[in-house]
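*Asks:* Pasting in a structure now, in structure tokens, and then I'll have a few things to ask.
The values are calculated or read from the model by the stated rules, or taken from the named source; none is laboratory data. Given the structure is predicted, the values throughout are model-derived calculations rather than measurements. A quick note on method: Cβ atoms are made from the backbone with ideal geometry, for glycine too, and the neighbour counts reach across all protein chains shown.
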Amino acid sequence: MKRKLILSLIIFLSATCYTFSQEICDNGLDDDSDGFIDLNDPDCKCLGIKDSLFIPSSLIPNPSFEDFVCCPSGLAQLNCSKNWIQASRATSDYYHTCGFRSDPMRGNPPQPLPAGNGYVGFLDLKDRPGTNTTYKEYVGACINQALSPNKDYTLSFWVGFGTAGNTWGPRSITTLALFGTPDCNNLPFGLPNGELCPTAYPNWYEIKRITASGVNKWTKVKFNFRPTRKYEAIAIGPQCAAADGNYYFFIDDLVLEESAKFDSINFSINGNPCSDSIELLAAAAIVNTITYQWYKNGIAIPGATTQKYLIPKGEEGMYTIRAFDGKNCELSNTFNYNQDTFYTTINANICEGEFYTVGSSKLLASGNYNFRLKSWQGCDSLVNINLLVNKKNQHLIDTTLCEGSTLNLLDTTFSALGIYSLNLKI
């Protein structure tokens, strides 16, 4: 009897030795020793929670303008953003941190950006310079699935009330509108001369208006609607009513989905990545069984288990929140906290006696100079100047004229005896 008991114990221990460890998705450890930790492990996929908590899939492709076919280098380059269409001859503007970020005439967007690195801007003008006519810009897209007249939908997006530029800036309150068309081939509309609202052209219909307000901030707007007809494409921009002035606004992260699939929780970002700590905030769940965990680069942050997380200044990385209801989980979009440092090299030439200005410094001699300045965002901007000072060269021209003759040299006429000096740049 005693021998049999010992044998059973040995078999039990042997079986225990071969038990395989499972990855725990919120402890910051590689539990199953496969080289991947927490959300970086394929075992930690989130399949979603009923009545999803964070940003849902959007019927609008490339909803936050992240994907691009080219880095924008200037105004009117919405064609660089994948899936978006310049809605009419009035050209809205595409911005991305990979290249073109702002325009002096139109001002700067609020910081930080609400979703990733891409965003767009548009004009709403009462009197277009040179023509004194109404001018309105829109962005358009063919949606992934046509809007049906027997379903309820929700649209949310961010409106940026930036700092004013040299010519245009935001109004503290604005009314925007969503428009639809039954056929995607109706994008763009109003060619070749269209600069008005979509409903001024055939087969375009206003779906709903929304008012937003703010001062130097991104404001999130959200509204529900039921279409009166089928729509294959949409356009978003100013309402059709004439503006009372000349304005410029930014928009980002346009999420359109059936209301039944839309989020009950939003993910917001506050602060400036170049000058402040950044606060990430998930709104309260409608049920108290939801728990939270914040992650940096896919690895759980110890103790970060509340709706709010304050990123320590300078702790760059990819931040995500995971919601868990005891059985299923859902992930938020990811915020890329990056204190950009901009590097610029300038090769400059001046003439002897002149100076080259960088910030408050005046450079007089040839050489290589390095300056640490601040960008308009408050980030470091490192400028390298290769300066060459060209020395003055003197050339003597000794000539004789017959009385009554003239000499023409560099647009100057000489007819009298004397010594003359001319300054020329080569």
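*Asks:* Got a sec? Which of Thr133, Thr174 is surrounded by fewer than 23 Cβ atoms within 10 Å (Cβ to Cβ), within 30 Å of Thr228 (Cβ to Cβ) and touching a residue at least 12 places away in the same chain (Cβ under 8 Å)? First the steps, then the outcome.
*Replies:* On the way: Thr133 fails: within 30 Å of Thr228 (Cβ to Cβ).
On inspection, the qualifying residue turns out to be Thr174.
*Asks:* Would a scan of the stretch 205-216 turn up a residue that is modelled with pLDDT under 95 and touching a Pro at 6+ places or on another chain (Cβ under 7 Å)?
*Replies:* Scanning the stretch 205-216 turns up at least one residue that is modelled with pLDDT under 95 and touching a Pro at 6+ places or on another chain (Cβ under 7 Å).
*Asks:* To continue, here is another question. Going by what's in this entry, would Ala141 be described as crowded, with 16+ Cβ neighbours inside 10 Å and within 20 Å of the chain's Cα centre (by Cα)?
*Replies:* Considered against the rule, which asks whether it is crowded, with 16+ Cβ neighbours inside 10 Å and within 20 Å of the chain's Cα centre (by Cα), Ala141 comes out as yes.
*Asks:* What pairs come out if I take residues in the stretch 22-42 that are among the small types (Gly, Ala, Ser) and pair them with residues that are not in a loop (DSSP other than H, G, I, E, B) whose C-beta lies under 8 Å away, six or more apart or interchain?
*Replies:* If the second residue must be not in a loop (DSSP other than H, G, I, E, B), the pairs left are Gly28/Asp38; Gly28/Ile299; Gly28/Ala300.
*Asks:* Taking the stretch 118-159, which residues are in contact with a Leu (Cβ under 8 Å, 6 or more places away or on another chain) and in a loop (DSSP other than H, G, I, E, B)?
*Replies:* Residues satisfying the conditions are Thr134, Glu137.
*Asks:* A further question follows. Is it the case that Leu47 is within 26 Å of Cys240 (Cα to Cα) and not aromatic (Phe, Trp, Tyr)?
*Replies:* no
*Asks:* Oh, and also: Could you run through the stretch 100-130 and say how many residues are of a type in the set (D, E, K, R) and buried (at least 20 other Cβ atoms within 10 Å of the Cβ)?
*Replies:* 2
*Asks:* In addition: Please work out which residue is farthest from Trp218 (Cα to Cα), limiting yourself to the stretch 173-198 and to residues that are touching an Asp or Glu at 6+ places or on another chain (Cβ under 8 Å) and part of a helix (DSSP H, G or I).
*Replies:* Ranking the qualifying residues of the stretch 173-198, first place goes to Cys184.
*Asks:* A further question follows. Take Gly35 and tell me if it is over 24 Å from Asp253 (Cα atoms), of a type in the set (Gly, Ala, Ser) and at pLDDT 90 or above.
*Replies:* Values: over 24 Å from Asp253 (Cα atoms): yes; of a type in the set (Gly, Ala, Ser): yes; at pLDDT 90 or above: yes.
The answer is yes for Gly35.
Residue-by-condition table, conditions (1) assigned by TED's automatic domain parsing to the domain that holds Pro170; (2) touching a helix residue (DSSP H, G or I) at 6+ places or on another chain (Cβ under 8 Å); (3) in a strand (DSSP E or B); (4) without any contact (Cβ under 8 Å) to a residue 60 or more places away in the chain:
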site: Ile60; (1), (2), (3), (4): no, no, no, no
site: Ser64; (1), (2), (3), (4): no, no, no, no
site: Pro72; (1), (2), (3), (4): no, yes, no, yes
site: Arg89; (1), (2), (3), (4): yes, no, no, no
site: Arg101; (1), (2), (3), (4): yes, no, no, yes
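*Asks:* Looking only at residues in the stretch 347-363 that are touching a residue at least 24 places away in the same chain (Cβ under 8 Å) and β-branched (Val, Ile, Thr), which one is nearest to Leu373 (Cα to Cα)?
*Replies:* Val358
*Asks:* Which condition breaks for Ile278 when tested against (1) of a type in the set (A, V, I, L, M); (2) surrounded by fewer than 19 Cβ atoms within 10 Å (Cβ to Cβ); (3) at pLDDT below 80?
*Replies:* (2)
*Asks:* Please verify whether the stretch 188-201 includes one or more residues that are surrounded by fewer than 18 Cβ atoms within 10 Å (Cβ to Cβ), in contact (Cβ under 8 Å) with a residue 60 or more places away in the chain and aliphatic (A, V, I, L, M).
*Replies:* Looking through the stretch 188-201, at least one residue is surrounded by fewer than 18 Cβ atoms within 10 Å (Cβ to Cβ), in contact (Cβ under 8 Å) with a residue 60 or more places away in the chain and aliphatic (A, V, I, L, M).
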